[in-house]
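The values are calculated or read from the model by the stated rules, or taken from the named source; none is laboratory data. Just so you know, these numbers come straight off a predicted model, no measurement behind them. Don't worry about glycine lacking a Cβ; one is built from the backbone with ideal geometry, like all the others, and counts go over all protein chains shown. Note: accessible area is taken over every heavy atom of the protein model, side chains too, but ligands, DNA and RNA are not part of it. Shrake-Rupley method; radii C 1.70, N 1.55, O 1.52, S 1.80 Å.
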Amino acid sequence: MKTKNQGTTSPKIPLQLVLIVPFLVQIFAAVGLVGYLSFRNGQKAVRDLAAQLMTRTGSVVDERLNSYLTIPQSLNQINADAIRRGILDLGDRETVSKYFWDQMQTYDLTYIGIGLTDGSGLGVARYDGKTITIDHWTGEKENNIITYAVNDRGDRTDILEEWTWDNFSEDWYKEPIAAGKPIWAKTIATNLATGPYVVASASRPIYDTQNQLLGMLAADIHLLKLGDFLNNLEIGRSGDIFILERDGAIIANSGKEPPFVLVNQEIKRINALESTNPIVQQITREIQQRFGSLKDITTENFTVNLQGERYFVDIDSWQDKYGLDWLVVLAIPEREFMAQIQDNTRTTIFLCLGALGIASIIGIFTSRLIVQPILQLNQASQKMASGNLKQTVPENGIRELNYLSHSFNQMAGKLQESFTTLANNQEKLEERVRERTAKLQTTLDELQRTQSQVIQSEKMSALGQLVAGVAHEINNPVNFIHGNLVHAEEYTHNLLDFLALYAKHYPDPVSEIQAEAEEIDLDFLQEDLLKMLASMKVGTDRIRQIVLSLRNFSRTDEAGLKAVNIHEGLDSTLMILQHRCKASPERPEIQIVKDYGNIPEVECYPSQLNQVFMNIFANAIDALDEVNGKRTYQENQENPSCITIRTSSLDDRTCQIAIADNGPGIPEEIQQRIFEPFFTTKAIGKGTGMGMSISYQIITEKHQGKLKCFSTPGKGTEFAIEIPLKIS
């Protein structure tokens, strides 16, 4: 005979089916559909927005180039027709110059001129965008050109300068003759007194009524104005647009960097692969890798990942019938279009909320099927918790809950036995808890150490970026001051020589001049002015050296492996710390002794290796300052502080950098702990104990090398760094 608990009078429904199936069906269907629609809508929105923005921007740039670059050639044709028909008489140079002056008032050009076959010519210039001058030259070999200032009616007034000019050596004169037609001469870049001058010259041969060559007409446009135009375009917050010649030279770009560099005060145009803008540089490299060269590209578009971001890139060619052949490249990061993606995300959230509401309704219905049996189990459990272990629960229609009822009833019978076993095992459990607690404490200590190392690395990275930025901002004005000091010194010499010559021929000046000379102490002024200029030049030289050292030390663009000159890193670090080595009222200057060996470039992580040098040098200076503070100035002068740096090649695969000081040394018991995290002998607030630990990690783990410490108390300390020339 079967008992009640053993009966199988009716089939039981699995609780797993009751709870899981309805929820999974609803939630998976809703979330899957919503996710798919959101993904497709997001992709379409990004593509549509990118295409619209690029098409609009490309049209604006194309219209600007057409309007801006059509003017010079059209103006040349008008002037050539006027000359050929005799309307404009080249023999009347005054009228021709006023005619060109009138055109300069109307058109945004920098130069309108004519060079004749006899070597003579004339032109009207506006290099700085405001001041107009007139050039008039003959066919003579030297000092054949005179530059005149003009008034507001175009009349010549004062002679500004005389210089030498040769039509036949200029590209704008030679190239149209070779081509036999109107063309654009080769783009030139030069540094004028009014500033950088990057120009494209539209050149056209001119003929008389008998079709005899008279010379060349030229009209120049300043290409830097194209950069201003591109910079003002609305291409998103972080888009870039730039124009290239087919050889890769930059014509203009939307960034702040100019399309040239100054080398010894001379302008040199730069290739896009040499641009300081990483987006321009990397996109140009990507174009060459994809298409081989820039010469045969017409219209292309693609996407590329740059600096961890996805960019849409559009390339269009721009040509005219006079020989200009440029590429217009537009690059926009995908994040510019995230606004519409966020709209799609909100739509997704609303759909998910709807799915959640439906699932909640189903959940309420489902919960009613299982709440009642669970409440019965709960009541029985509460009674057992109060000490009444004789509890049973009835069967129900859900199989799993029915099994649970059987288990509960069995549990009640064995619970007393479990209490006895639990008491016996309590001591063992407490021991296991203590072991687990110790392991957790060890893990926590390791986590704190790792966190501190990451924070220190991030601080050094931020410091490197700050140092590189400051060095870059200081570099330009200092170079400008330093370059102009040469001219200032030359002009001062000229003025002083002129004063000396004047005093020689007029030794007895009038009393007013003599009184003024005594008032300003003219002799002392002449002597001290040159000294002051020399001192200023020394000062700017010093600033330039410091800027170079800061840039070498930071190496923010060299986060990866790179072959570098170790000596440059050492010198840059010493330059940064030089202020701490200078003499003070308490001690003389700390001497730096360099014993550099002949070692090749080392493949390393430059900024991290510089961090190691900085930590070792700073600790050495701290140790020397500590011992100097305990002695008198006389004692410090008799026993000067010194830091010695030696570099050498141990073999054909390894080099060594040894940095030693003659400070107080490190006791043996401290030497054994010097590379431990958070260990420091400095006062609170003066050291974290992470510098040497991180240095040890950089050398041993990042560079597969060794960092050793040798010290004798009272004689000094030496840190020896051994790293491979190339990391395997």
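A few notes on this one:
- Site pair GLU601 and CYS642 shows an inter-label distance of 3.4 nm when each label is modelled 7 Å from Cα along Cα→Cβ.
- Cα gyration tensor category, rounded, prolate or oblate, for the range 112-214 with a/c compared to 1.5: prolate
- Å² per residue, accessible surface of the range 88-193 at 1.4 Å: 51
- With the simple model of a label 7 Å out from the Cα in the direction of the Cβ, ASP497 to GLN281 spans 4.4 nm.
- Only protein atoms count toward the accessible area here, which uses a 1.4 Å probe; on the range 283-323, the carbon and sulfur part of that area reaches 37 percent.
- Accessible-area rank, largest first, for ASP89, ASP108, ASP508: ASP508, ASP89, ASP108, with all protein chains present and a 1.4 angstrom probe.
- Summed over the residues of the range 270-338 and divided among them, the accessible surface reaches 48 Å² per residue at a probe radius of 1.4 Å.
- The stretch between GLN672 and ARG631 holds 11.9 nm of extra length on full extension. This uses 0.36 nm per residue minus the Cα-Cα distance.
- The range 619-672, accessible surface, carbon-and-sulfur percent (1.4 angstrom probe): 44
- Heavy atoms of ARG290: accessible area, 1.4 Å probe, square angstrom to 10: 110
- The heavy atoms of TRP318 present about 10 square angstrom of accessible area, all protein chains included, probe 1.4 Å.
- Ordering of 510-521, 155-166 by packing [mean C-beta count within 10 Å, highest first]: 155-166, 510-521
- The range 207-314, relative contact order [Cα under 8 Å, separation at least 6], %: 15
- Global form of the range 71-148, assessed from the alpha-carbon gyration tensor, a/c cut-off 1.5: oblate
- Trypsin sites (Lys or Arg not before Pro) lying in DSSP loop within the range 580-639, provided at most 11 other Cβ fall within 10 Å: LYS582, LYS630
- In terms of accessible area, using a 1.4 Å probe and ignoring ligands and nucleic acids, TYR99, TYR111 rank largest first as TYR99, TYR111.
- Residue order for LEU650, LEU273 - accessible surface, 1.4 angstrom probe, largest first: LEU650, LEU273
- For the set LYS594/LYS726; LYS98/LYS321; LYS562/LYS708; LYS186/LYS256; LYS706/LYS726; LYS130/LYS225, the pairs lying more than 22 angstrom apart at their alpha carbons are LYS594/LYS726; LYS98/LYS321; LYS562/LYS708; LYS186/LYS256.
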